[in-house]
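The values are calculated or read from the model by the stated rules, or taken from the named source; none is laboratory data. Here the structure is a predicted model, which means the values were calculated and not measured. All Cβ positions, even for glycine, are placed from backbone atoms using ideal geometry, and neighbour counts span all protein chains on display.
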Amino acid sequence: MEVGWFDEPQNSSGVIGARLSADAATIRALVGDALAQLVQDLSARGGTGYSFYRMLAVGAYRPWHGTSDSIKWNCATQIHDRLQCRRKASQVANDAVGTIRTVASYCAEDKEHGLLRPENTFSDVFRVFFALTMAAVAISQSSTFAPDSSKAKSATASIFAILDRKSDIDPSDESGTTLENLRGEIELRHISFKYPTRPNVRIFRDLSLTIHSGKTVALVGESGSGKSTVVSLLQRFYDPDSGVITIDGIDIQKFQLKWLRQQMGLVGQEPILFNETIRDNIAYGKEGNATEAEIIAAAELANAHKFISGLQQGYDTMVGDEEFNYEATSALDAESERVVQDALDRVMVNRTTVVVAHRLSTIKGADLIAVVKNGVIVEKGKHDSLINIKDGFYASLVALHMAASS
């Protein structure tokens, strides 16, 4: 699905997570115990019709079922393992839906699927859902299960409504252009845009901006001015209503989407940590499998290797909502900010960089500062020139920032 689909209230991460959990449970309840009971009843009725006395003979063995404790114990162990797998699947699904922008940024849809069960293919998953649907329909023929079957049919319809929908911006589409040598020359020409969920609020109206290869451009403006939207459009989370965005002179809609997103690195204001080890979280950014050397090199480049090595379990430390204490790093102090900024400065060398930030220290050194207001670029230039514009919008933003800091 395109990211915009998840912006709809009925498709939010919470709603989708609830639907996956509740609908799957409804179907499982029907085709699990209910299906077994139905087969048992049909077998008993069929056997009785075939030979009443043979059924009595078979029934005589039922008292001996009490000797099967060891078998039941083995079954209980398998059930426990399956419950663990179910919990893992639920966690992966909730993580993927709740962090869909991060997943889309890294084109990691296949990686998320692999976390569930590496050998499964989409056709495997489709066959399972198809079998569940057929089972639900078959059981619905029996009036005994009418209430449950009605719920199950609604649940399968709900799930298939998601599976059958064709994404408007499909990351699995392998068609499109790729470049062997990407320079990173970016141009936004006469861009107009409204979010699909807010069609009456225009974010951009005829916005134009050129970002030269290897340069750093900082986007500045009030909250809600559309600074982050520029990044979302570059990643093709959304397409503009009108206008063209090009990279190296080519419309980005002509690029293979997966390749396009893999050329970009996103450092979010609130980075996402999955419920995995630090090693797995770092490796998430690489297509395919990352080696230990690559993981350590990435951590060193981010000035994080020393910090990670100081943890009791090092790179095997679990992170996530409940496993890791964020208190020490939840807000950047001066020293932490310096370390992070130093890491960013090193990776930004000779790379086209778009900076969206509120801190003056982050944007002062940019090659170009573009000020966004009312859907257009109202001022452009370096910090020293913009700060000296009398009654300038950038100068007023800096003054407000300085006043708030003091």
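Counting just the residues of segment 281-300 that are of a type outside the set (A, V, I, L, M) and part of a helix (DSSP H, G or I), which one comes out surrounded by the fewest Cβ atoms within 10 Å (Cβ to Cβ)?
Going through the qualifying residues, I end up with E292.
Mind listing whichever residues of segment 323-368 are modelled with pLDDT of 80 or more and hydroxyl-bearing (S, T, Y)?
T352, T353 - these are the residues of segment 323-368 that are modelled with pLDDT of 80 or more and hydroxyl-bearing (S, T, Y).
Can you tell me which residue in segment 211-262 is surrounded by the most Cβ atoms within 10 Å (Cβ to Cβ), limited to those that are touching a strand residue (DSSP E or B) at 6+ places or on another chain (Cβ under 6 Å) and without any contact (Cβ under 8 Å) to a residue 24 or more places away in the chain?
I252
Which helices (runs of 4 or more DSSP H) sit wholly inside segment 352-406 and have at least 3 residues that are farther than 18 Å from S228 by Cα?
Filter on segment 352-406 gives 383-386, 393-405.
Can you find a residue in segment 273-280 that is under 24 Å from R338 (Cβ atoms), surrounded by 14 or more Cβ atoms within 10 Å (Cβ to Cβ) and touching a residue at least 40 places away in the same chain (Cβ under 8 Å)?
yes
Is at least one residue of segment 353-362 touching a His at 6+ places or on another chain (Cβ under 8 Å) and aliphatic (A, V, I, L, M)?
For segment 353-362, residues touching a His at 6+ places or on another chain (Cβ under 8 Å) and aliphatic (A, V, I, L, M): present.
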